[in-house]
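Read the structure below first, then the notes.
What follows draws every value from the coordinates through simple rules; no lab data is involved. For clarity, every value in this text was computed on a predicted model and none was experimentally measured. So basically every Cβ, Gly included, is an ideal-geometry build from the backbone, and we count neighbours across all protein chains shown.
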Amino acid sequence: MAIFRFGRHGSRQQMIVCLTIAGVLAGCNSIGNDSNPPKPPGTIVEFNVPTANAGVSSIVAGPNNSLWFLESQNTGSKIGRITLQGAITEYPMPAGVSFPEDLVVGRDNNLWYVDEANHIGFMTPAGVFSPLFTAANASSIAVGSDNNFWVPEFNGNKVDVYGTSGAQVHSFPTGSGAQLEAIALGSDNNVWIASFSSRLVKVTTAGVATPYTVAAISNGMRGIVSGPDSNLWICADSDNLLVKVTTSGTVAAAYTVPTAGASPWKITDGPDGNLWFTELFGNKIARSTPMGSITEFTLPTANAQPYGIAAGQDGYIWFTEQQGNKIGYIVP
């Protein structure tokens, strides 16, 4: 059951959709009203992105007690900020940025991104952009245990390391022989890189790379995170699997996503000790316990294509909708 409430924020109309998955309707909190009772678990709330067809993708919890996200249109790309109450501000990115891919918060508290036009750059929380720095064939970005930015080259079979000045400080071969897609810092303080094949690569801060074959995966690792159990958790969209890998490179388990063809995409740790991930074509947000028990929550917007996902400072799980053109959250 759903409630649709329409309001005004300045001159912009927002639509808030609250859906209680468990079937118990508790109503919607109005924006900025913290006096209402807590929303029950499974409640989903969505906010319209002001720019039409923005192509929202990566999302991260960041400064100013807000979530920050990318709008990945090749023309008019932006970084967006959404407060915990749902107010959205958009910042147009510099000329030359094309299809920004991934977003992280650096040790300098700035929002760092990479794009498909061979760039790395940052925006301050005040909305001031840096110059564009060269980052060849960049596919994703993570902050390493050395506090530098680690950026895999999609087709280059390398991972490049950048400091907060934007200068490249290292470039290490990965020995993967595969297209490098996503990167995460592991509980072992090494970076782990997921590929478009069955290859998973560990790289130490000294640049020593160890490739592993994840036999459970045939193709298409999309998201990777270090889980609450200290294992690596991987979204394998082509195989419709959630795969758990130890930091020794051993597959601990592979769990089938209940919805066929769901395409598990991006994944994050939740404040409840579980893993949360998006189902791009399943149109669902899903929760997995560390033992692989998966629960799915259908989005109120049809064909929304949920993409990025992050835990917010409010304890909710926030996500982006590429086709729905919305930012939403679900109550764990």
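Take the Cα pairs of segment 181-228, get the Kirkwood Rh, then feed it into Stokes-Einstein at 37 °C and 0.692 mPa s and tell me D in µm²/s. Could you put the intermediate results ahead of the total?
Numbers: Rh = 10.9 Å.
The estimated diffusion coefficient comes to 301 µm²/s.
Of PHE99, ALA117, THR89, which is farthest along the charge dipole of segment 76-140 in the positive direction, counting Lys and Arg as +1 and Asp and Glu as -1 at C-beta?
THR89
Based on the mean of other Cβ atoms within 10 Å per residue, sort peptides 249-256, 58-65 so the most packed one is first. List each step's numbers first, then the result.
On the way: 249-256: 15.6, 58-65: 18.2.
The most tightly packed comes first, giving 58-65, 249-256.
Run the quick spin-label model on GLN313 and SER130: label points 7 Å from Cα toward the beta carbon, then report their separation in nm to one decimal.
Modelled inter-label distance: 2.2 nm.
Would you work out the relative contact order for the chain, in percent, from Cα pairs under 8 angstrom that are 6 or more residues apart? Mind dumping the intermediate values first?
On the way: 949 pairs, mean separation 42.1, N = 332.
About 13 percent, as a whole number.
If packing is taken as the average number of other Cβ atoms within 10 Å across a peptide's residues, how do 105-112, 221-228 rank, most packed first?
Numbers: 105-112: 17.9, 221-228: 22.6.
Packing proxy ranking, top to bottom: 221-228, 105-112.
Between [x] 28.2; [y] 24.6; [z] 15.3, which entry matches mean projected area of the Cα convex hull in nm² as derived from the coordinates of this structure?
It is the value labelled [z].
Suppose every Lys and Arg Cβ carries +1 and every Asp and Glu Cβ carries -1, with no other charges. What dipole size does segment 2-330 come out with about its Cα centre, to the nearest 20 debye?
On the way: 16 positive and 23 negative charges, 88 e Å.
About 420 debye.
For a test of the definition: using alpha carbon positions, the gyration tensor, and the 1.5 limit on a/c, classify segment 266-323 as rounded, prolate or oblate. Please list the in-between numbers first.
Working: a/c = 2.20, a/b = 1.39, b/c = 1.58.
Oblate, since a/c reaches 1.5 and b/c is not below a/b.
Sticking to Cα atoms, compute the Rg of segment 113-170 to one decimal and its Dmax as the biggest Cα-Cα distance, whole number, in Å.
For segment 113-170, the Cα radius of gyration and maximum Cα-Cα distance read 10.9, 36 Å.
Please give every one of the lysines within straight-line cross-link reach of LYS244, meaning a C-alpha to C-alpha distance under 20 Å, and leave out same-chain neighbours fewer than 8 residues apart.
LYS202, LYS266
Mind listing the long-range amide H neighbours of THR43? Cut-off is under 5 Å, sequence gap 5 or more, other chains count too, H placed in the peptide plane at 1.01 Å from N.
ILE21, VAL331
Just the Kirkwood number for segment 142-253, please: inverse of mean 1/r across all distinct Cα pairs, in Å, one decimal.
Numbers: mean 1/r = 0.0731 Å⁻¹.
When all Cα pairs of segment 142-253 are included, the Kirkwood radius is 13.7 Å.
Give, to the nearest whole percent, the P(r) tail of segment 90-146 beyond 12 angstrom, counting all Cα pairs.
Details: 998 of 1596 pairs.
So the pairs more than 12 Å apart make up 63 percent of the total in segment 90-146.
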